[in-house]
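The values are calculated or read from the model by the stated rules, or taken from the named source; none is laboratory data. Computed from a predicted structure; not experimentally measured. Note that we place each Cβ from the backbone using ideal geometry, even for glycine, and neighbour counts take in every protein chain shown. Keep in mind that these areas ignore ligands, DNA and RNA; they rest on the heavy atoms of the full protein, side chains included. Shrake-Rupley method; radii C 1.70, N 1.55, O 1.52, S 1.80 Å.
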Amino acid sequence: MDDPPSIPLPLGRDRRDDLSPHLRDARPEAIYAHVPFCRHKCHYCDFYSLVDQRDRQPAFVDRLLREADRLKELTRLDGVETIFVGGGTPTLLDPPLLARTLRSIRSLATRPPQEFTVEANPETVTAEVAQTLRDSGVDRVSMGCQSFHPDHLKTLERWHDPACVPIAVDHLRNAGIQRVSLDLIFGIPGSTLEDWLGDLETALALDPAHLSCYGLVFEPATPLVEKRRLGTIAPIDEDLEAEMFEATRERLVAAGFEQYEISNWAKPGERCRHNLVYWRNGDWLGLGPAAAGHLRGVRYRQVPRLEEWLDSTPPAPVVDLERAEPSVQRGERWMMGLRLRDGMPRDVVESLLEDDPARRLVVKRHLEAGRLEWRDERLRISDGALVVADLVVSDLVVPDGVVPDGVVPDGAVPDGVRPDETLNP
Amino acid sequence: MKVRNFSIIAHIDHGKSTLADRLLHATKAVDQRTGRDQMLDSMDLERERGITIKSSAVTVTHEFKGETYQLNFIDTPGHVDFTYEVSRALTACEGAVLVVDSTQGVQAQTVANAYLAVDNDLELIPVVNKIDLPAADPDGVAMEIEQVLGLPAEDAIYVSAKSGKGIPELLDAICDEFPDPPPATTDKLRALIFDSNYDDYRGVVVFVRVFDGELKVGDKIRMMGTGRTFTVTELGRYTPFPEKLKRIGQGEVGYMVAAIKTLGDVRVGDTVTLEHDAAREALPGYEEPKQMVFCDFYPATGSEGGGKRSDFESLREAVERLHINDASFTYEVQHSEALGFGFRCGFLGLLHMDIVQERLEREGGVDIVQTAPTVSYMVDLNDGSTVEIHNPADLPDMSKVQAIREPMVKIEVICPEENIGDLMKLAEGRRGIFKGQRYVSDTRQILDYELPLAEIIYDFYDKLKSITRGYGTMDYEIIGYEVENLARVEILINGAPVEALSLICHRSNAEYRSRLILQKLRKQIDRHQFEIPLQAAIGGKIIARETIKALRKNVTAKCYGGDVTRKRKLLEKQKEGKKRMKNVGSVNIPQEAFMAVLEQED
């Protein structure tokens, strides 16, 4: 096993807050639990994770169970409909510990959840793990494949053998878990459009119910960023990345998938209900070190140091507790809501724009420019503007900035003045 | 007492200051006892008030062949942009000591300064300095002086200013070879102002050389060029400690204080006479200071208001403060769409511009964004009038313009022989006209070219230095204005002309220059949601075009619950960055883009 990379993790500010007052009135619709162990830290990953030290698994599980019990006392959990266990690599837990953990988390929900997802790395999914998941009530697994090209996996410092993906999928199906989602990353340095289309085909051949396709992001404070700084890797051309994105849409639609979010595709009925809570600005409760949560306008993150979290008495101290100003909260709703391809319902849009002339103007201008559109009484980013969704969103997050006048959408740009033409503006 | 008025002239770093110090030490102050007391006084004063007393003329005495000589050593400004000031200082002298470093040989400013001295009919004593250094070649350098300037090699005095070797011989030569001041030509007072500086305590201190009559404390005087009148409150000289005098006699040098508030009231080269008994004619050679190079200074950070004092106000204060000490640069408030409020400043030359910028930043504590320098153009209009412009944006409508004249310079480059070819290529690429080529020694040559000032204000000197690996030296002199086939190139971004990017250049290389600028802009400006045409145009005709393709990137790769706050803050930060950019024709242009135009490539 390699030494963990010496990259500073986002440890939060020194300030610690007590979440209890906010738990009292909350009624979350979802639960997110974070398992921070990884076999190896991948070089693009900015999630909180620690290279596994097996000796700490029991302590972790004990503490998580106590946290679950305490949260049950502190907040109403009769509205919980989805559970998502992420990481890290939850499936790295020893099967008995994994079973205890999952059952305990599941028992938090007053009624059986409508969706119970666990994240997995392909090399960790044995028949035993698959059966443990199923026996613990898990009905959906999100598996990080990222790429089927060993050289691209190496660029990401992802160490699994691509050949173990179909095996893992088989184990899951054999155990009775049909809802399998695969994560893929495009735009890996050195990759070509053909490589990417090949990855898509390989994934489709496994008949997943759901696909998450992300453009690679150089997250701050990751080894990838350091390598870019040192010049050992270079981001791919942005036009090529855009091409990969467009090709993804075309291929997956042809394969019967719907793009229901900027980076997520699902077969009918297979959308991730848990993630929809995030994009629709719902409330969810966080469990485990570094887990984020959102309760009635308050965003927070549980303390992101394993030792500190282990030593604390539940509920865990939280960092970055923030109740943003109403205008900022509205910005976040735009930011998340416009990620959905169904867009935002007219009544939500109207209530958000009430008393917000600045954003009303932004919406008007982007509608005129064709980057936003109304479809079935819902406001969404138009297909053509998906590649610049961030720009539209940033105008809505900070509506007082520069909104260019008279800008026109892609494709409809007057070509400007040609060489040798007389200028006559 | 016999009087000798002289200067030391040299190429930079050839040891002028060390030699001057050595000469002062080797001589006696006029009155050593008084001098000592006054030194203490003045040092206390400096300590108390933080005043720096700068002396432009020092008076010492030397015994030669049983006679006492009063030696007035007149300092000259240290760089080439002050050619006029140097020439005025030399006018106040009868002789000049020409110092050449024995390890470096004759350099461009050696030649330029020697010519200035000869033009002023000065007697020259060649001195070969730094002879104690291992690399010294005094005989070779003396030969160079003979070869280039026609001063016999055997007349050169070999000196080590550091060890003092040769100093007595030099002092004797100064007394022996330099002539007496010429007799008066009129009985009216005529004194030449050859320098001035600003003293927080006394106001302006003026340095004068009395040619005719005499100057006394209490005299009501008039500056013949500016017409301003003042009353003399103090006269004196530095020995090198300030020593007050009641009068400065004919042929002598000293300083004058007359309750003059700003340096702008005093012009180097002007003649001082008596208000009620004025001379009929001023001394010849007076010129108004002429700014030849212009550029804008903007505060590097763009805050124009807010709670605390704005950066523009800090810049204004620094500019005004510096102007008290250097009246030879001009400034006026400038507003650029792109860079906000700043100042358009005029300078005597390139080095002057660099010095002013450096002093503003160092002494004024402001960070400055400097725009591309431009020269001053004379525009002859169809109605027969002429306007002077120093900003491409001010160029009148070309249909009214008959001709545009631009300043020309004569440059003299001294360089190793093996670089001649490359330097000729450089000069000719900058519209240079070859004027001559001479040998300095077996291995070095002088190249003479005439070319437009505009062609050397960007990076000519840097290029020269890199071609010659630092061994080349250059001096330039403005020789007048010439009609050239010039045009204003407008830069259009997304169809909108951007004034701050426009430039005046020769038609023959307008297309090439434009293309380089557009290529630089293309790199500096981020891709937008739409295609951005970048164009260069002369009078409505497009001469170059580049395109910034529309942005096509899905940077919104993934965003789940735990990412919300961070993602939002990232977007806010990006937006904040954009706000600092200038929005022109719907395009966000970063400040760096305006600076990028500065660099010129060959």
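Scanning region B:535-563 for residues that are crowded, with 21+ Cβ neighbours inside 10 Å and more than 9 Å from chain A (Cβ to nearest Cβ) yields B:536, B:548. Kindly establish whether residue A:392 is at pLDDT below 90, facing chain B (nearest Cβ under 8 Å) and surrounded by 19 or more Cβ atoms within 10 Å (Cβ to Cβ). No; evaluated as a whole, the condition is false for this residue. Evaluate the following for residue B:296: is it assigned to a strand (DSSP E or B) and either at pLDDT 85 or above or outside the structural domain of residue B:452 (by TED's automatic domain parsing) (or both)? For residue B:296, the condition - assigned to a strand (DSSP E or B) and either at pLDDT 85 or above or outside the structural domain of residue B:452 (by TED's automatic domain parsing) (or both) - is met. Could you list, in sequence order, the residues of region B:300-327 that are modelled with pLDDT of 85 or more and within 25 Å of the chain's Cα centre (by Cα)? B:312, B:314, B:315, B:316, B:317, B:318, B:319, B:320, B:321, B:322, B:323, listed by residue number.
Filter region B:423-470 down to the residues that are aromatic (Phe, Trp, Tyr) and in contact (Cβ under 8 Å) with a residue 60 or more places away in the chain, then identify the one that is least open to solvent (accessible area, probe 1.4 Å). Within region B:423-470, the match that is least open to solvent (accessible area, probe 1.4 Å) is B:458. Would a scan of region A:325-333 turn up a residue that is modelled with pLDDT of 90 or more, within 13 Å of another protein chain (Cβ to nearest Cβ) and part of a strand (DSSP E or B)? No - not one qualifying residue is present in region A:325-333. Determine, yes or no, whether residue B:165 is of a type in the set (Lys, Arg), open to solvent by 60 Å² or more (accessible area, probe 1.4 Å) and without any contact (Cβ under 8 Å) to a residue 40 or more places away in the chain. Here the answer is yes, as residue B:165 does meet what is asked. Of the residues making up region A:168-203, those that are touching a residue at least 24 places away in the same chain (Cβ under 8 Å) and closer than 15 Å to residue A:126 by Cβ are A:168, A:169, A:171, A:172, A:174, A:175, A:177.
When restricted to residues that are touching a Pro at 6+ places or on another chain (Cβ under 9 Å), open to solvent by less than 30 Å² (accessible area, probe 1.4 Å) and not in a strand (DSSP E or B), region B:364-415 contains 2.
Residue B:485 meets the conditions (1) within 13 Å of chain A (Cβ to nearest Cβ); (2) farther than 21 Å from residue B:371 by Cβ; (3) at pLDDT 90 or above in every case but one. The failed one is (1). Across region A:223-245, which residue is nearest to the other protein chains (Cβ to nearest Cβ) among those that are open to solvent by less than 50 Å² (accessible area, probe 1.4 Å) and among the aliphatic types (A, V, I, L, M)? Among them, the one singled out is A:242.
When residue A:248 is tested against (1) in a loop (DSSP other than H, G, I, E, B); (2) more than 9 Å from chain B (Cβ to nearest Cβ); (3) within 27 Å of residue A:43 (Cβ to Cβ), just one condition goes unmet, and that condition is (1). A Cβ distance below 6 Å, combined with a sequence gap of six or more or placement on separate chains, defines the contacts here; from region A:204-217, residues that are facing chain B (nearest Cβ under 9 Å) and in contact (Cβ under 8 Å) with a residue 24 or more places away in the chain reach residues that are among the acidic types (Asp, Glu) and outside any strand (DSSP E or B) in the pairs A:215/A:241. Among the residues of region A:52-81, those that are within 16 Å of residue A:26 (Cα to Cα) and in contact with a strand residue (DSSP E or B) (Cβ under 8 Å, 6 or more places away or on another chain) comprise A:68, A:71, A:75, A:77, A:80, A:81. In this structure, is residue A:220 open to solvent by less than 20 Å² (accessible area, probe 1.4 Å) and part of a loop (DSSP other than H, G, I, E, B)? Criteria not met by residue A:220. No other residue among B:142, B:184, B:136, B:191 is assigned to a loop (DSSP other than H, G, I, E, B), over 13 Å from residue B:97 (Cβ atoms) and open to solvent by less than 30 Å² (accessible area, probe 1.4 Å) apart from B:136. Inspection of region B:463-484 finds a residue satisfying the criterion of being in contact with a strand residue (DSSP E or B) (Cβ under 7 Å, 6 or more places away or on another chain) and farther than 30 Å from residue B:107 by Cα.
Would region A:124-138 turn up any residue that is assigned by TED's automatic domain parsing to the domain that holds residue A:83, closer than 30 Å to residue A:233 by Cα and not hydroxyl-bearing (Ser, Thr, Tyr)? Looking for residues that are assigned by TED's automatic domain parsing to the domain that holds residue A:83, closer than 30 Å to residue A:233 by Cα and not hydroxyl-bearing (Ser, Thr, Tyr), one finds none in region A:124-138, hence no. Quick check on region A:246-256. Is at least one of its residues under 22 Å from residue A:339 (Cβ atoms), at pLDDT 90 or above and under 19 Å from the mean Cα position of the chain (by Cα)? Scanning region A:246-256, I find at least one residue that is under 22 Å from residue A:339 (Cβ atoms), at pLDDT 90 or above and under 19 Å from the mean Cα position of the chain (by Cα), so the answer is yes.
Against the definition (within 13 Å of another protein chain (Cβ to nearest Cβ), free of Cβ contacts under 8 Å to residues at least 40 places away in the same chain and closer than 30 Å to residue A:352 by Cβ), how does residue A:280 come out, yes or no? When the stated conditions are applied, residue A:280 does not pass them.
Would you confirm whether or not region B:496-511 contains a residue that is crowded, with 22+ Cβ neighbours inside 10 Å, at the interface with chain A (Cβ under 7 Å from one of its Cβ atoms), in a loop (DSSP other than H, G, I, E, B) and at pLDDT below 90? No, region B:496-511 contains no residue that is crowded, with 22+ Cβ neighbours inside 10 Å, at the interface with chain A (Cβ under 7 Å from one of its Cβ atoms), in a loop (DSSP other than H, G, I, E, B) and at pLDDT below 90. Here is a list: A:161, A:199, A:183. Which entry is among the acidic types (Asp, Glu) and open to solvent by 30 Å² or more (accessible area, probe 1.4 Å)? None of the others qualify; the one that does is A:161.
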